[in-house]
1. Would it be correct to say that Val66 is closer than 30 Å to Ile165 by Cβ and either charged (D, E, K, R) or in a strand (DSSP E or B) (or both)?
2. Can you tell me how many residues in the range 88-136 are open to solvent by less than 80 Å² (accessible area, probe 1.4 Å), modelled with pLDDT under 85 and not in a helix (DSSP H, G or I)?
3. Can you tell me which residue is least open to solvent (accessible area, probe 1.4 Å) among those in the range 146-175 that are part of a loop (DSSP other than H, G, I, E, B) and among the acidic types (Asp, Glu)?
4. Within the range 68-87, track down each residue that is without any contact (Cβ under 8 Å) to a residue 40 or more places away in the chain and open to solvent by 50 Å² or more (accessible area, probe 1.4 Å).
5. Is there a residue being of a type in the set (Lys, Arg) and exposed (fewer than 13 other Cβ atoms within 10 Å of the Cβ) anywhere in the range 44-57?
6. It is to be established whether one or more residues within the range 137-145 are at pLDDT 85 or above, more than 27 Å from Glu63 (Cβ to Cβ), open to solvent by less than 70 Å² (accessible area, probe 1.4 Å) and more than 20 Å from the chain's Cα centre (by Cα).
Amino acid sequence: MATKAEPVGSEKAGEPGVKEVITHIAGVGEVKAYFQVSTVDDFDGKTTEDVQTLRLTVPQEEEREVVATDDNGEPLKNDDGSDKLTTEKVWAYRSLEIDLGQASRDKLLKALEPFVSKARDAKTQPVATQGTLTASSASKSPHDLNAIREWAKKAGHDVKEKGRIAKNIIEAYYNATGKQNPEA
């Protein structure tokens, strides 16, 4: 929480938000000081009235390295035999807190309003990550991979039991079955 402490005189002792600090200074002895402690708006740095902590989950686009694959989902190799890497963009979510007074909260809500008015309720709460996606969250697919593999084998496509399924096979599955592609 954003706080500031401003020195005040001993006559303010006992008032709300005034804290007494006692410290020992060598050669001097005990010293008392008084500070007015208040919560401060993180945005304007001035407002101390009606400051509240807001929690936000914020999307951020990031790049991550992944192993490049061929149409069958097999890893591509470099000349030295190592896996060929490529980058892809992903969305990561950060959980943040900010202390805001009423005027700053109003500014934030006004800025978000065009987006919030077009948004829909989420089916699940977003899971905040620490800046990057984990391997398990990055590998989840919106497709029924078992059904696609089963269909692909019956249709004569060469697919592995595990790993990625080529995009053209996934598209062929949805075209052949008439099912809705969740990525369409």
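The values are calculated or read from the model by the stated rules, or taken from the named source; none is laboratory data. This structure is a prediction, so every number in the text was calculated from the model and none was measured. Virtual Cβ from ideal backbone geometry, glycine too; neighbours counted across all protein chains shown. The accessibility values were calculated without ligands, DNA or RNA, using every heavy atom of the protein model including side chains. Shrake-Rupley method; radii C 1.70, N 1.55, O 1.52, S 1.80 Å.
1. Considered against the rule, which asks whether it is closer than 30 Å to Ile165 by Cβ and either charged (D, E, K, R) or in a strand (DSSP E or B) (or both), Val66 comes out as yes.
2. 7
3. We begin by selecting, within the range 146-175, every residue part of a loop (DSSP other than H, G, I, E, B); these are 155-166.
Imposing the further condition that a residue be among the acidic types (Asp, Glu) reduces the set to 158, 161.
Numbers: Asp158: 103, Glu161: 130 Å².
Residue satisfying both the conditions and the ranking: Asp158.
4. The first filter runs over the range 68-87 and keeps only residues without any contact (Cβ under 8 Å) to a residue 40 or more places away in the chain, leaving 68, 75-87.
Once the filter is applied, which keeps residues that are without any contact (Cβ under 8 Å) to a residue 40 or more places away in the chain and open to solvent by 50 Å² or more (accessible area, probe 1.4 Å), the range 68-87 yields Pro75, Leu76, Lys77, Asn78, Asp79, Asp80, Asp83, Lys84, Leu85, Thr86, Thr87.
5. Taking the range 44-57 as the starting set, the residues that turn out to be of a type in the set (Lys, Arg) are 46, 55.
Now restrict to residues that are exposed (fewer than 13 other Cβ atoms within 10 Å of the Cβ): 46, 55.
Yes.
6. Quick first cut of the range 137-145, residues at pLDDT 85 or above only: 143-145.
Checking which are more than 27 Å from Glu63 (Cβ to Cβ) leaves us with 144.
Still in the list and also open to solvent by less than 70 Å² (accessible area, probe 1.4 Å): none.
Taking every residue of the range 137-145 in turn, none turns out to be at pLDDT 85 or above, more than 27 Å from Glu63 (Cβ to Cβ), open to solvent by less than 70 Å² (accessible area, probe 1.4 Å) and more than 20 Å from the chain's Cα centre (by Cα).
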